[in-house]
Amino acid sequence: MTIQYSDRIHIAPLGYEDDRVVKPAITTKADRVYLLEHDEPEDEKPDYHATLKEELRDNGIGVMSRVRCFVLYILFILLTSWTKAET
């Protein structure tokens, strides 16, 4: 039996280690990565946040940044991804 899917989606909290986000996304050929970031102005975020996003995009991976993360939002992402895989 072969599993059918439409997109390979990663959801990752963005903290202080970028390899934990970038390497798995590239290795598993993710289509999209949702980054859960702290609510702070862009100029106060560490420089590697922008570098990480650029590296993902350079590898053909869509990047979605979410500042406010509610559990229901994560469930919505998972449910939407699962529903697309079923169709």
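What follows is calculated from the coordinates using simple rules that are stated; it is not laboratory data. Keep in mind it's a predicted model, so treat the numbers as computed, not measured. All Cβ positions, even for glycine, are placed from backbone atoms using ideal geometry, and neighbour counts span all protein chains on display.
Things to note:
- Applying 1/(1 + (r/R0)^6) with r as the Cβ-Cβ distance of Tyr48 and Leu79 and R0 = 22 angstrom yields a FRET efficiency of 0.10.
- Note that region 57-62 has calculated 3J(HN,Hα) couplings of 5, 5, 9, x, 9, x Hz, one per residue in order, obtained from phi through the Karplus relation 6.51 cos²θ - 1.76 cosθ + 1.60 (θ = phi - 60°); glycine and proline are x.
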